[in-house]
Each structure stands twice: as structure tokens, then as C-alpha cells.
Amino acid sequence: MIKKVVIGFGFSVLLTIAFWQVTARLPLGHDLDNIAFLASPILAIVISVLLVRSRLMNNSQAGG
């Protein structure tokens with residue numbers, strides 16, 4: 001369980017930084033830029049949870 005939390009947190013941080021870098025380089029308007037900046041961590045968390053659940057759930061079922 002702790003392994004899932006650590007991996008999920010790491011994925012969230014890395015994806016958030018990646019999304020912030022992408023949104024910083026996109027030519028968006030002021031309002032869309034703010035929305036993209038605020039949505040980046042939420043999107044990163046959702047993707048991380050889905051990745052960790054699908055990847056680690058399959059590994060734990062295969063191993064035990």
C-alpha cells in the first residue's frame with residue numbers, strides 16, 4: 001500500500017511539472033492560461049491514480 005502511495009505521489013509531481021511546462025509554452029489567453037494552470041495538478045492526480053491502480057493492481061494479482 002505504501003508503495004502505491006509513493007509511486008502515485010511521484011507520478012503526480014512529475015506530471016504536474018510536465019503539464020505546467022506545456023501550458024507555459026502554449027499561446028493561450030489569460031483566462032485559459034489560468035484554467036490550464038489550475039487544472040494541471042487535478043489532471044496529474046487523476047492520471048496517476050489510474051496508472052497506479054491499473055499497473056500495480058495487475059502486478060499484485062499476478063504475484064499473489
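Assorted remarks:
- Only residues that are within 11 Å of Val49 (Cα to Cα) and among the small types (Gly, Ala, Ser) were counted across the stretch 11-24, and they come to 1.
- If you go through the stretch 21-42 and keep only what is open to solvent by less than 90 Å² (accessible area, probe 1.4 Å), assigned to a helix (DSSP H, G or I) and hydrophobic (A, V, I, L, M, F, W, C), you end up with Val22, Ala24, Ala36, Ala39.
- So Val13, is it at pLDDT 90 or above, surrounded by 13 or more Cβ atoms within 10 Å (Cβ to Cβ) and within 14 Å of the chain's Cα centre (by Cα): yes
The values are calculated or read from the model by the stated rules, or taken from the named source; none is laboratory data. Given the structure is predicted, the values throughout are model-derived calculations rather than measurements. Reconstructed Cβ throughout: ideal geometry from the backbone, glycine too, with neighbour counts over all protein chains shown. What goes into the accessible areas is simple: the full protein's heavy atoms, side chains included, and nothing from ligands, DNA or RNA. Shrake-Rupley method; radii C 1.70, N 1.55, O 1.52, S 1.80 Å.
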